[in-house]
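Let me begin by presenting the structure, written as structure tokens, before commenting on it.
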Amino acid sequence: MKKIFILLIISLLSIATKAQKLSIAQQDSAFVRENYIKTQVQISMRDGVKLFTNIYTPKDASPTNTYPIVMQRTCYDVAPYEKDVYPKMLYYSRYMMREKFIFVDQDVRGRWMSEGIWTNMTPQIANKTKPTDIDEASDTYDTIDWLVKNIPNNNGKVGQYGISYPGFYTIAGALCGHPALKASSPQAPISDFFFDDFHHNGAFTIGYGMTFPVFGVQHPQPTPDSWYDDKFPKLNTVDGFDWYKSMTPLKHFTKVYNDNFFWKELIEHPNYDDFWQKRNILPYLKNVKNLPAMMVVGGWFDAEDLPGPLNIYKNLEKYNTNAYNTLVMGPFGHGDWAREQGHHFHSNVYFGDSVSTYFQKNMELKFFKHFLKGTGDGKTGLPEAYLFDTGKKEWREFAEFPVKTAQKVNFYLSPNGKLSTEMTAKGFGEYISDPSKPVPYTEDPKQITGFSPRNYMSEDQRFAGRRTDVLTYETPVLTEDITLGGEIMANLKISTTGTDADFFVKLIDVYPGDEKNSPYTPKHITLGGYQQMVRSEIMRSRFRNSFSKPEPLVANKKTDINFRLQDVLHTFKKGHKIMIQVQSTAFPLFDINPQKYVPNIYKAEESDFIKATHRIYADSKISVEVLK
């Protein structure tokens, strides 16, 4: 009877929570209709191309009650496109919406209701000399110029934001130089297209295989309707692992996407050549004229664009010393700060309650209010860096990041499986990598068939460590907390019987065997002994000396493979252990290296795929920064 009563209470609480969420959503929808007026315009760019724009102005705007403009430019859509139909929310944050701004949403050129030709990661043009010299910065400038001159009762100040691809449009827009642009928040932005999203250190992110119709099909004309729905592949199986195996070698993808221009660009540009170098925004972040105040936002578990916000923040900080520039990194997957979960999880790990709301109210809203409605003097009360410690599960404030006083520590990969700050052994560990039997990157089949991978960034890695083609190294049980805060470098000493190889390195937090589940942990999950992935990255060995000029490995020759695992802020608690796993496949997150060097892996034949024995030598190390 007691158990039935408890289940009844849980059920009633669940129903009440759902009802509350529905009520809030209904209130938000009503607030939009009652407080905003919608107008639609086509704004002409300097080359004559017109961009479709939705404008939502507060009804109480007047000459004595002016509002700033908050703009998002996107390649996804700015629906609803009907003149008299309103969205349920303006902005993703009800706190921003209820504060009231003039909200502007615009389709970038070549997308949805805008004219023009669509280009992935539009190359930046440093010195524009003619009207046809257009990029996202020029389109942002032209849009802002029209808005401040034509929207009644605006206060002459503009802010811009965007998540993911719109995050790129935001950082590109920050370079436009328009004096009205006062605040910019690129969130999960792409920064260098060869290293974000579709590539990781030269390895193709095959797990994005379902996304190509969105990014590689030109719209025939301005349209409010999706034009690429019939271009998605038909899997004919619920097992995504098997489907992706059928796409190996990658030439099989060409049969699926033979008319996809983005797929063709990947095939034609397998290396970091001029095509990709032009799609790197970082070199343009130096001494930016009229740089707006910046709040760069990202998630520590962002499987798509973790490098983007970190690299953009660091470059802005290095080359614009007098600028207002702050960094926010939370326990989020890609863009998850835009969605309030209540009990905040990433994968199966609980990080606290209302984490997204905390960011929206105490960081983002404060930032935009200060620079668009307030004095704009930079005295926001926000720290230089507001970062979430994913081990202690708490926000921390920093005056700088990375922290200059952090202690450099090396963890050596001993052949006996020990992870130690001293090199205590000689020799090597080895494993056979068989392309026909790759190591899965996840045990979750739903993740494999999704639009893009998300949860693996904090998933339990016990399944991988039990394989013979994965090397595992771990410390003894920690006797005190150790906080890693800053950059991580993998300095591997390897050899292989093949002439090419990938190395996937994972930093893992090993929970005690008696770790208790949180009250909200799913019942099928056991946190005792959980091996939570904290950070990971892959490196394609052909690019060890240059991403532009690949070269084969020399079989059986000891070789250095050095690469970054991106930054981290994670406390490994007393009683836990630090683990490193090394493997050569993480499928189907990344494509499978043939392990026989071929000039272009996208054109490899089945006969090119060979087994190889890889060795990891005892002088291999993982270099971290420890905060005291």
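Miscellaneous remarks
- Residue in region 363-376 that is over 22 Å from Gly486 (Cβ atoms), crowded, with 21+ Cβ neighbours inside 10 Å, in contact with a helix residue (DSSP H, G or I) (Cβ under 8 Å, 6 or more places away or on another chain) and not polar (S, T, N, Q) present: yes
- Checking the stated criteria, Ile610 turns out to be more than 24 Å from the chain's Cα centre (by Cα) and not in a helix (DSSP H, G or I).
- Flag for Lys506 being within 18 Å of Phe428 (Cβ to Cβ), charged (D, E, K, R) and not in a loop (DSSP other than H, G, I, E, B): no
- Condition check for Asn556: surrounded by fewer than 17 Cβ atoms within 10 Å (Cβ to Cβ), of a type in the set (S, T, N, Q) and not in a strand (DSSP E or B): yes
- Unique residue being crowded, with 23+ Cβ neighbours inside 10 Å and of a type outside the set (S, T, N, Q) when the list is Ile102, Ile117: Ile102
- Residue selection: Thr375 satisfies the criterion of being hydroxyl-bearing (Ser, Thr, Tyr) and either assigned to a loop (DSSP other than H, G, I, E, B) or modelled with pLDDT under 95 (or both).
- Residues in region 452-470 that are of a type in the set (D, E, K, R) and closer than 11 Å to Tyr441 by Cα: Glu459, Asp460.
- Qualifying residue in region 615-626 (condition: open to solvent by 40 Å² or more (accessible area, probe 1.4 Å), within 21 Å of Ile488 (Cα to Cα) and outside any strand (DSSP E or B)): yes
- Pair list, Cβ < 8 Å and 6+ apart or interchain, from region 570-595 residues that are open to solvent by 10 Å² or more (accessible area, probe 1.4 Å) and β-branched (Val, Ile, Thr) to residues that are part of a loop (DSSP other than H, G, I, E, B) and modelled with pLDDT of 95 or more: Thr585/Pro435; Thr585/Pro438; Thr585/Val439; Thr585/Asp469; Thr585/Ile592; Thr585/Asn593
- Selected residue [of a type in the set (Lys, Arg), more than 29 Å from Ser518 (Cα to Cα) and without any contact (Cβ under 8 Å) to a residue 40 or more places away in the chain] from Lys366, Lys373: Lys366
- On the stretch given as region 283-325, residues that are open to solvent by 10 Å² or more (accessible area, probe 1.4 Å), among the β-branched types (Val, Ile, Thr) and under 12 Å from the mean Cα position of the chain (by Cα) total 0.
Yes/no matrix, rows are residues, columns are (1) at positive phi; (2) buried (at least 22 other Cβ atoms within 10 Å of the Cβ):
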site	(1), (2)
Thr496	no, yes
Asp502	no, yes
Ile508	no, yes
Gly513	no, no
Lys516	no, no
Pro519	no, no
Pro522	no, no
Gly529	yes, no
Gln532	no, yes
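- In summary, Lys231 fulfils each of the numbered conditions (1) within 30 Å of Arg542 (Cα to Cα); (2) surrounded by fewer than 20 Cβ atoms within 10 Å (Cβ to Cβ); (3) not polar (S, T, N, Q) with the single exception of condition (1).
- Residues being outside any helix (DSSP H, G or I), closer than 30 Å to Glu443 by Cβ and among the charged types (D, E, K, R) - total across region 213-245: 2
- Among the residues making up region 336-360, those that are closer than 14 Å to Met96 by Cα and among the aromatic types (Phe, Trp, Tyr) are Trp337, Tyr358, Phe359.
- Any hit, region 381-393, residues being touching a residue at least 12 places away in the same chain (Cβ under 8 Å), within 26 Å of Asp619 (Cα to Cα), open to solvent by 20 Å² or more (accessible area, probe 1.4 Å) and not in a helix (DSSP H, G or I): no
- Matching residues in region 51-71 - criterion: being open to solvent by 40 Å² or more (accessible area, probe 1.4 Å) and either in contact (Cβ under 8 Å) with a residue 60 or more places away in the chain or of a type in the set (A, V, I, L, M) (or both): Pro63, Asn65, Thr66
- Selected residue (criterion: least open to solvent (accessible area, probe 1.4 Å)) from residues of region 456-492 that are within 23 Å of His614 (Cβ to Cβ), part of a strand (DSSP E or B) and hydroxyl-bearing (Ser, Thr, Tyr): Tyr473
- Count - residues of region 413-455 that are surrounded by 13 or more Cβ atoms within 10 Å (Cβ to Cβ), modelled with pLDDT of 90 or more and of a type in the set (Asp, Glu): 3
- Residue in region 441-455 that is touching a Phe, Trp or Tyr at 6+ places or on another chain (Cβ under 6 Å), without any contact (Cβ under 8 Å) to a residue 40 or more places away in the chain, of a type in the set (D, E, K, R) and within 20 Å of His524 (Cβ to Cβ) present: yes
- Positions within region 298-324 being under 21 Å from Phe547 (Cα atoms) and either basic (Lys, Arg) or in a loop (DSSP other than H, G, I, E, B) (or both), in sequence order: Glu304, Asp305, Leu306
The values are calculated or read from the model by the stated rules, or taken from the named source; none is laboratory data. Please read all numbers here as calculations on a predicted model, not as lab measurements. Cβ sites come from the backbone with ideal geometry, for glycine too, and all protein chains shown count toward neighbours. Ligands, DNA and RNA are excluded from the accessible area calculation, which covers all protein heavy atoms including side chains. Shrake-Rupley method; radii C 1.70, N 1.55, O 1.52, S 1.80 Å.
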